[in-house]
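Notes for the one structure printed next.
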Amino acid sequence: MGDSLRIGVLHGDGIGPEIVPAATTVVSTALGRNEIDVEWVDLPFGAAAIESHGTPAPDETLRALDGLDAWILGPHDSAGYPAEFAGQLTPGAVIRKRYNLFANLRPSRALAADRAMSPGIDLLIVRENSEGLYADRNMATGSGEFMPTPDVALAVGVVTRAASERIAREAFTWARRRRGKLTIVHKANVLTMTTGLFRDACLDVGRDFPDVEVSQQHVDAMAAHLVRRAADFDVVVTENLFGDILSDLAAELAGSLGTAASINCSSEKAMAQAAHGAAPDIAGRGIANPTAMIGSAAMLLAWLAQRSGDERIFAAAGAIDAALAATVAAGVSTADLGGAASTAEFAQAVAERV
Ligand code: ATP
Ligand code: MG
């Protein structure tokens, strides 16, 4: 990799146009300090693209993404789109499917210990992102749900050995890089075939990682354990729906959903996407916490650095994480963490510290 990165920017809906610029500001500063230029490639997507292109996921945007390795995706509020788009894949799912971004990595760590219910939490949830009980991501029709009669609704869950082994390998690799512990979360006592296959595939992959300590939990028990003793867990691997729910829980235990960073990735492409949604209830007021979006962008840099081996990109990612922590430690925070800083003020304070 040369001295310049090209990164796509899809602003999204709701608080997206507030938190995405916060992230690009901080990333530009961090890369600049490490002598790397960044070219931001703005692409229409989401509600704005419905207005300009008549569709939330324009072909022109998707073709542009074909030529990029990495991009930042703001949250989208597909529930708020016109009725003609109801039942279609959400715009984020269109991208995840197109590039087979099978892994969703969601770390949780407390930035402000006094605001965290679990100050010692340091968790990485590795969520299978392509199948499971969020069946819509598998169906050509855009929906894995159907209603044979107006009073009966069905949903199809899909689990394959191949996808389960692929996500397990990702999770074990992370466990090895971290504290060497992996918890497989399933519900194999009830969903015996689907989540049972997921569990078995993870256990099989574990034979290649004898140095990683493996445990397993049912998802309901895992929710209870997280509330009581989150700090005991290191890496968690689970299917799509369980991972979505547990990561919101972990984010709040760590302080706020507004701090929940994540990336969606394969070995070829990566997309920074905060774990939270478009937060329409607070959009347009300049009070959203950009920490999750900034942290997601830092994860994206770490992914790029891992691939290229460029230490300066690693340094930029590390500097962003440190700056986020230092900013909150200095008493600057947004309303969700009890502070009074606006989205832009918080981002500025982080940029000054990278
Ligand atoms: P989705 O299905 O898209 O994930 P959701 O129903 O889970 O959406 P969110 O949009 O994540 O909902 O919002 C949940 C709550 O968290 C809302 O009250 C919202 O205001 C709050 N929230 C989410 N993100 C942030 C943020 N960055 N800063 C402050 N509050 C946030
Ligand atoms: Mg959500």
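The one condition from (1) modelled with pLDDT of 95 or more; (2) assigned to a loop (DSSP other than H, G, I, E, B); (3) not assigned by TED's automatic domain parsing to the domain that holds I7 that P75 does not meet is (3).
Filter the stretch 203-251 for residues that are polar (S, T, N, Q) and either surrounded by fewer than 22 Cβ atoms within 10 Å (Cβ to Cβ) or away from ligand 2 (no atom under 16 Å from the Cβ) (or both) and give the result. Within the stretch 203-251, S215, Q216, Q217 qualify.
Within the stretch 265-296, the set of residues being over 17 Å from R109 (Cβ atoms) and within 14 Å of ligand 2 (Cβ to nearest atom) comprises Q273, G277, A278, A279, P280, D281. Of everything listed in (1) part of a loop (DSSP other than H, G, I, E, B); (2) under 21 Å from the mean Cα position of the chain (by Cα), the single unmet condition for N189 is (2).
Among the residues of the stretch 82-116, those identified as touching a residue at least 12 places away in the same chain (Cβ under 8 Å) and in a helix (DSSP H, G or I) are F85, P91, G92, A93, V94, I95, R96, K97, R98, R115. Among the residues of the stretch 260-307, the ones that are β-branched (V, I, T) and within 8 Å of ligand 1 (Cβ to nearest atom) come to 3 in all.
Counting residues in the stretch 226-238 that are within 13 Å of ligand 1 (Cβ to nearest atom) and farther than 13 Å from R106 by Cβ gives zero. Residues of the stretch 73-99 that are more than 15 Å from E268 (Cα to Cα) and away from ligand 2 (no atom under 16 Å from the Cβ): Y81, P82, A83, E84, F85, A86, G87, Q88, L89, V94.
From the list A22, A57, the lone residue that is touching a helix residue (DSSP H, G or I) at 6+ places or on another chain (Cβ under 6 Å), surrounded by 15 or more Cβ atoms within 10 Å (Cβ to Cβ) and touching a residue at least 40 places away in the same chain (Cβ under 8 Å) is A22. Is there a residue being of a type in the set (S, T, Y), closer than 23 Å to D234 by Cα and assigned by TED's automatic domain parsing to the domain that holds E35 anywhere in the stretch 307-316? No: the stretch 307-316 contains no residue that is of a type in the set (S, T, Y), closer than 23 Å to D234 by Cα and assigned by TED's automatic domain parsing to the domain that holds E35.
Of all the listed residues (R63, R109, R96), the sole one being within 15 Å of ligand 1 (Cβ to nearest atom) and among the charged types (D, E, K, R) is R96.
The values are calculated or read from the model by the stated rules, or taken from the named source; none is laboratory data. Here the structure is a predicted model, which is why all the values come from computation and not from measurement. Ideal geometry is used to build each Cβ from the backbone, glycine not excepted, and the neighbour counts take in all protein chains shown.
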